[in-house]
Amino acid sequence: MVTDNNRESADSQFLRPYWMPDGATPEDLPEGLQAAAEAIIGPAYEELVAGAPTVLEQLTGMSAVYLSQLEVIDQVELARELASTPPDSEQRGKRIDGHLRLVGAKLRCTTFLEKMRRAREKSNESIVNPLQGAD
C-alpha cells in the first residue's frame with residue numbers, strides 16, 4: 001500500500017503520512033512538531049500503516065497515527081498557550097478535557113489493533129499446528 005505520497009524520499013528516512021502535502025518533510029512543520037514527526041509519527045506510520053498485513057489493520061493504523069499526530073499538535077498548542085497567557089482554569093479544563101477525549105480515541109484504536117494482531121497470531125498458530133490444543 002505504498003503510494004507516491006507515502007514513499008520514502010531519497011534525502012530522508014521519513015515516511016510521509018497521506019494527510020501531509022506532497023513533498024512535505026518534517027522540516028516543513030512548526031519547530032515543536034519536527035522532532036515528534038521524525039521520532040514518533042513517521043515510524044508509527046511505517047509500522048502501523050505501511051507495515052500492516054491487512055487492509056483493516058492499515059485503516060485502523062491510519063486512524064491511530066492521525067490521532068497521534070493530533071495529540072502531538074494539541075500538546076504543543078497547550079504548552080504554547082500555558083506559557084504565553086495567564087491560565088484561565090475554566091478554559092484550561094475544557095482544553096484538557098478535549099485532549100483526554102483525543103487520547104481516549106487513540107487508545108481505542110490501538111487496543112483494537114492489538115486485538116486484531118493477537119487474533120491473527122492465534123489463527124496463524126492454529127494453521128501451523130492444527131492439532132495444538134486438541135486432546
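Among the residues of the stretch 42-59, is there at least one that is in contact with a Cys (Cβ under 9 Å, 6 or more places away or on another chain), buried (at least 16 other Cβ atoms within 10 Å of the Cβ) and among the small types (Gly, Ala, Ser)? The answer is no; no qualifying residue exists. All told, residue 85 falls short of being exposed (fewer than 14 other Cβ atoms within 10 Å of the Cβ), modelled with pLDDT of 85 or more and of a type in the set (S, T, N, Q).
Set side by side, the residues 36, 83 differ, and just one is more than 30 Å from residue 121 (Cα to Cα) and in contact (Cβ under 8 Å) with a residue 24 or more places away in the chain, which is 36.
Among all residues of the stretch 28-41, there is none that is under 15 Å from the mean Cα position of the chain (by Cα), at pLDDT 85 or above and closer than 21 Å to residue 118 by Cβ. Considering 126, 68, the condition of being of a type in the set (Ser, Thr, Tyr) and either out of contact with any Gly (no Cβ under 9 Å at 6 or more places or on another chain) or outside any helix (DSSP H, G or I) (or both) is satisfied by 68 alone.
Only one of the listed residues (121, 114, 90) is surrounded by fewer than 12 Cβ atoms within 10 Å (Cβ to Cβ), under 16 Å from residue 44 (Cα atoms) and without any contact (Cβ under 8 Å) to a residue 60 or more places away in the chain. That residue is 114.
Listed conditions (1) of a type outside the set (S, T, N, Q); (2) modelled with pLDDT of 70 or more; (3) touching a helix residue (DSSP H, G or I) at 6+ places or on another chain (Cβ under 6 Å) are all met by residue 17, apart from (2).
Filtered by the rule that a residue be of a type in the set (D, E, K, R) and surrounded by 15 or more Cβ atoms within 10 Å (Cβ to Cβ), the stretch 93-111 gives 95, 106. Tallying residues that are among the basic types (Lys, Arg) and under 18 Å from residue 60 (Cβ atoms) within the stretch 97-114 yields 2. Filtering the stretch 50-82 to residues that are modelled with pLDDT under 85 and not aliphatic (A, V, I, L, M) leaves 77, 80, 81.
The values are calculated or read from the model by the stated rules, or taken from the named source; none is laboratory data. Please read all numbers here as calculations on a predicted model, not as lab measurements. All Cβ positions, glycine included, derive from the backbone under ideal geometry; neighbour counts span all protein chains shown.
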